[in-house]
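The values are calculated or read from the model by the stated rules, or taken from the named source; none is laboratory data. Since we're looking at a predicted model, the values are computed, not measured. When we count neighbours, we look across all protein chains shown, and the Cβ atoms used for this are built from the backbone with ideal geometry, even at glycine.
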Amino acid sequence: MIKALIIIAIILGFYLLHRLCLWLEANGWIYYINKKAENGTLGSTLQELNALLNPSVRHTIEMKQNQVVVRRNEAGSPEELMSTDEGKKYDLIASGFAEMRDSFSTEQKYIDLLIDHLKPNANILDVGCGSGFPIASYLIEHGFQVTGVDSSKKLLKIAEDKCPLMQPIFGDIRSVGINQKFDAIVEWWCLFHLPKEDHAKMIARFASWLKKGGILEFTTGDSEYQESSSTMLNQELNFYSLNPDIYEKYLKDNGFKLLLRESDQEQHLVWLAKRDLK
């Protein structure tokens with residue numbers, strides 16, 4: 001009887017440990033079953049323990065570790081890639097992404113260029129604001145009023161603590177209702193998560209959210225492409241871009257004057273444009 005109780009207690013203990021590890025992984029604190037461990041020993045040890053208890057898991061882990069994680073298709077259709085609901089994918093890596101995305105890479109130079117075109121206390125919309133760092137927080141430090149829109153609930157939750165002066169809006173930028181007009185819009189590393197057929201719509205939406213004479217700063221790829229990659233914290237994400245000449249046409253069609261088109265890093269362009277006063 002005592003031996004049976006001990007065995008039951010051990011099994012229950014392993015089960016509870018298993019559930020705890022799944023929860024920790026879901027919150028981005030460890031690597032366990034669904035993601036490959038890259039750094040440290042904790043994630044690898046937990047994976048090995050689970051594989052010993054359940055041999056079928058080892059096969060799953062090995063398949064995930066050996067799979068090709070990037071699929072590139074210049075002419076492929078969006079249906080061939082994963083779901084375009086990137087907000088839920090960022091929810092899975094919110095903590096790790098917020099820690100990684102807490103300082104500037106190449107952005108500061110271009111955010112300063114944007115600021116040069118603005119009056120004090122201007123209202124700015126940060127599209128794909130994430131946790132509010134580094135862009136929204138930098139703009140707020142410079143005295144601007146910032147509203148941030150993002151489709152990741154968990155990143156916006158982090159923003160409540162890290163960037164409390166930013167006004168958050170949750171929603172898909174293709175459909176979210178934004179009635180306010182802004183002096184400027186900044187979009188950095190967000191548009192390229194949307195399928196190519198949505199890019200014309202988004203340039204038009206940007207125009208509708210700007211005051212006359214407002215400034216738009218956004219980023220794209222430097223050529224037409226479509227790919228899926230798991231290099232961001234082992235979370236598969238989709239990336240899309242059009243030929244840069246098409247973006248110039250979209251800007252012209254929506255009443256923008258192009259101020260800057262410049263490469264800040266490999267395969268990446270920064271755009272600065274001004275909405276006309278008509």
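From the list Ser229, Ser223, pick out the single residue that is surrounded by fewer than 15 Cβ atoms within 10 Å (Cβ to Cβ), over 20 Å from Asn123 (Cβ atoms) and within 19 Å of the chain's Cα centre (by Cα).
Ser229
Scanning segment 211-249 for residues that are part of a strand (DSSP E or B), modelled with pLDDT of 95 or more, closer than 16 Å to Cys190 by Cα and among the small types (Gly, Ala, Ser) yields a single hit, Ser241. Does segment 183-203 hold any residues that are of a type in the set (A, V, I, L, M, F, W, C) and under 29 Å from Pro120 (Cβ atoms), and which are they? Hits for segment 183-203 are Ala184, Ile185, Val186, Trp188, Trp189, Cys190, Leu191, Met202, Ile203.
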